[in-house]
Amino acid sequence: MMDNDKRLQPRLAVAVNMFPGSQILKNDNLPLQTVLNNWVGVAKQSWRLVFRASTHGYDSGAFHRYCDGVAPCMVIGLGSHGEISGGYTDVAWAKTSRKGGYVQSERAFLFALNPANGEQPVKFDIVKKPYAICYHPDCGPIFGAGADLLISSNCNTNMDSYSNLPHSYDGTNAAHLTLFGDYNFTITDYEVYTLSSPAGSSNSGASHSNNQNQNHSTNGQAPGVPTKAKYDRY
């Protein structure tokens, strides 16, 4: 009968997986992928997995081995209570002659996709652009001179990761509790994605950045493992 003709039946909306392979943004969290893409400004752009801590290693060396020189990067962290927060940078973490250093960005941002305060997904834009990200060999990804978000080495077995938001990033409801529910926290897993192909301009495509093209702050040396006290002077 005509009623059974599948061609005449309404089509169900199919969620497009723009972060293929993600163990964090999957199933019920698929709609959050669209939120991230809209914030980057490329609504239907697909991403490529560069690094997953639970697969490639939780130590800082593993993060830098896979992620240094890669841009742009979307860092997606999973907290011990199910929080999903992280950051985006259009410039790469890159080793310099110094032990550590800041890298300037015009477009970097932090985000909380399911904020601890129960609000809707929220984005925190960079306000102190010279301190957008920080390279430090003893840490995973660092955003801001606060640090607004620091993911520690072996972040799944300690509470050395922390958020001093707002400092270099700010926005509605910005607070150190917003990203992962506390100042210090455990990250059970985190993923790093880069754009799978250029999307309209050379600035948005995935690339391995040349260190000479990075805009490092003249005050950019990171003296030892970052702590709140060391960064309050900025």
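Highest mean packing comes first when the peptides 65-75, 33-43, 132-142 are listed by Cβ atoms within 10 Å, giving 132-142, 65-75, 33-43. Which shape class applies to segment 108-179: rounded if a/c is under 1.5, otherwise prolate when a/b exceeds b/c and oblate if not, where a ≥ b ≥ c are the square roots of the Cα gyration tensor eigenvalues? Oblate, since a/c reaches 1.5 and b/c is not below a/b.
Can you compute the FRET efficiency between S197 and D68 using 1/(1 + (r/R0)^6), with r the Cβ-Cβ distance and R0 = 25 Å? Round to the nearest 0.05. Display every interim value, and only then the final one.
Numbers: r = 21 Å, r/R0 = 0.84.
Efficiency, from the Cβ-Cβ distance: 0.75.
Pairs exceeding a 30 Å alpha-carbon distance, out of K95/K123; K44/K129; K44/K95; K26/K95: K44/K95; K26/K95. Between S54 and E119, residue separation times 0.36 nm minus the direct Cα-Cα distance comes to 20.6 nm. Annotation: amide H-H contacts under 5 Å for V50 (H modelled 1.01 Å from N, sequence separation of 5 or more, or interchain): V192, Y193, T194.
Expressed in nm to one decimal, what extension gain is obtained for the pair K129 and H81 from 0.36 nm per residue of sequence separation less their Cα-Cα distance? Roughly 14.2 nm would be gained on extension.
Packing-wise, with mean Cβ within 10 Å as the measure, how do 143-150, 190-197 rank, highest first?
143-150, 190-197
Read-outs: derived from the displayed coordinates by stated rules, not from any lab. Bear in mind the structure is a predicted one, so any value in this text is a computation, not a measurement. We place every Cβ from the backbone using ideal geometry, glycine too, and count neighbours over all the protein chains shown.
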